[in-house]
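Colleague: Take a look at this one; I'll ask things after.
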Amino acid sequence: MLELRNLVKHYKVGDGPAIRAVDGLSLTAADGEFVALYGPSGSGKTTLLELVAGAQRPDGGTVVLDGRDICELSERELDEYRLTQLGIVGQPQELIPGALAIENASLRLLLSDTRKANTAIEPLMVRLGLGERMEHRTEELSMGERQRVMIAMALATNPRLVLADEPTGNLDTQRTREVLGLLREISTERRATVLLATHDPLAAGFADQIHELRDGHLHEYRPDDTPATREQLGQRA
């Protein structure tokens, strides 16, 4: 279980008032639960994910995963946490140019000294619809395929928690549904909690919990009540 307890992160910029990116925020997510943090750019979504990843230290509060306070870990322990307990679905442009899809996807397994990393990642890549694309280089993959490789990389070590920051920002509606449907399906089977940051109502609609992040606080999510939005939110995996 993931628990965020009274989490605080403020920034001081020049002589102006402090920016309250995260301001006493609390959230609980069960194993296998898909949680969306909805809000525009600058609303604090990325800051919150970085706090959960241990990339930033909070000014107050705690991040607890399975009873373990991430905020109290040493740098060495944080490195181990990120490699074994945490999966991060990055952006497609982060893939290594010229590398094969399977080489990109197995990178975290190589870092964790997994033997025969390429062989170990193959079943997951097949599940993600990349069975016939494993030997293709980054430049030969579509944007949707590249994003699936990022998901394979994130899930390779069977993490307890998956963080995804705008993972479908470069995808069209159909590819967004395919990618998030697969992420939700596989993470649910593996009982991995997913924390998704997005400004897209369609992406948010795949979640079990949807919260709007505004002024450092979580608010009840209220999508625009339009036929297009209602149709989007009805398309869950």
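Colleague: For region 63-161, which fully contained helices (runs of 4 or more DSSP H) count at least 1 residues that are among the aromatic types (Phe, Trp, Tyr) and touching a residue at least 12 places away in the same chain (Cβ under 8 Å)?
Modeller: Numbers: elements: 75-84, 101-105, 107-111, 117-127, 143-155.
In region 63-161, 75-84 are the helices (runs of 4 or more DSSP H) which contain 1 or more residues that are among the aromatic types (Phe, Trp, Tyr) and touching a residue at least 12 places away in the same chain (Cβ under 8 Å).
Colleague: Right, next: Considering only region 215-222, I want to know if a residue exists there that is surrounded by fewer than 17 Cβ atoms within 10 Å (Cβ to Cβ), assigned to a loop (DSSP other than H, G, I, E, B) and either on the phi > 0 side of the Ramachandran plot or at pLDDT 90 or above (or both).
Modeller: Of all residues in region 215-222, those surrounded by fewer than 17 Cβ atoms within 10 Å (Cβ to Cβ) come to 215, 217, 219-220, 222.
Now narrow it down to the ones that are assigned to a loop (DSSP other than H, G, I, E, B): 215, 222.
Keeping just the survivors that are either on the phi > 0 side of the Ramachandran plot or at pLDDT 90 or above (or both) gives 215.
Yes, region 215-222 contains at least one residue that is surrounded by fewer than 17 Cβ atoms within 10 Å (Cβ to Cβ), assigned to a loop (DSSP other than H, G, I, E, B) and either on the phi > 0 side of the Ramachandran plot or at pLDDT 90 or above (or both).
Colleague: Please find, within region 33-53, the residue that is surrounded by the fewest Cβ atoms within 10 Å (Cβ to Cβ) out of those that are over 11 Å from Leu161 (Cβ atoms), touching a helix residue (DSSP H, G or I) at 6+ places or on another chain (Cβ under 8 Å) and of a type in the set (Gly, Ala, Ser).
Modeller: Within region 33-53, the first condition is being over 11 Å from Leu161 (Cβ atoms), and the residues that meet it are 34, 36-48, 50-51.
If we keep only those that are touching a helix residue (DSSP H, G or I) at 6+ places or on another chain (Cβ under 8 Å) too, we end up with 34, 36-39.
Then drop every residue that is not of a type in the set (Gly, Ala, Ser), which leaves 36, 39.
On the way: Ala36: 27, Gly39: 22.
Result: Gly39.
Colleague: Quick check on region 175-182. Is at least one of its residues surrounded by fewer than 17 Cβ atoms within 10 Å (Cβ to Cβ), under 15 Å from the mean Cα position of the chain (by Cα) and either hydrophobic (A, V, I, L, M, F, W, C) or not in a loop (DSSP other than H, G, I, E, B) (or both)?
Modeller: Kept after step one, since they are surrounded by fewer than 17 Cβ atoms within 10 Å (Cβ to Cβ), are these residues of region 175-182: 181.
Next, only the ones that are under 15 Å from the mean Cα position of the chain (by Cα) stay: 181.
Filter again for either hydrophobic (A, V, I, L, M, F, W, C) or not in a loop (DSSP other than H, G, I, E, B) (or both), leaving 181.
Checked against the condition, which is being surrounded by fewer than 17 Cβ atoms within 10 Å (Cβ to Cβ), under 15 Å from the mean Cα position of the chain (by Cα) and either hydrophobic (A, V, I, L, M, F, W, C) or not in a loop (DSSP other than H, G, I, E, B) (or both), region 175-182 yields at least one hit.
Colleague: Here's another thing I want to ask about it. Scan region 100-113 and tell me whether some residue there is surrounded by 21 or more Cβ atoms within 10 Å (Cβ to Cβ), within 24 Å of Ile210 (Cβ to Cβ) and out of contact with any Cys (no Cβ under 7 Å at 6 or more places or on another chain).
Modeller: no
The values are calculated or read from the model by the stated rules, or taken from the named source; none is laboratory data. The structure displayed is predicted, hence computed values, not measured ones. Cβ sites come from the backbone with ideal geometry, for glycine too, and all protein chains shown count toward neighbours.
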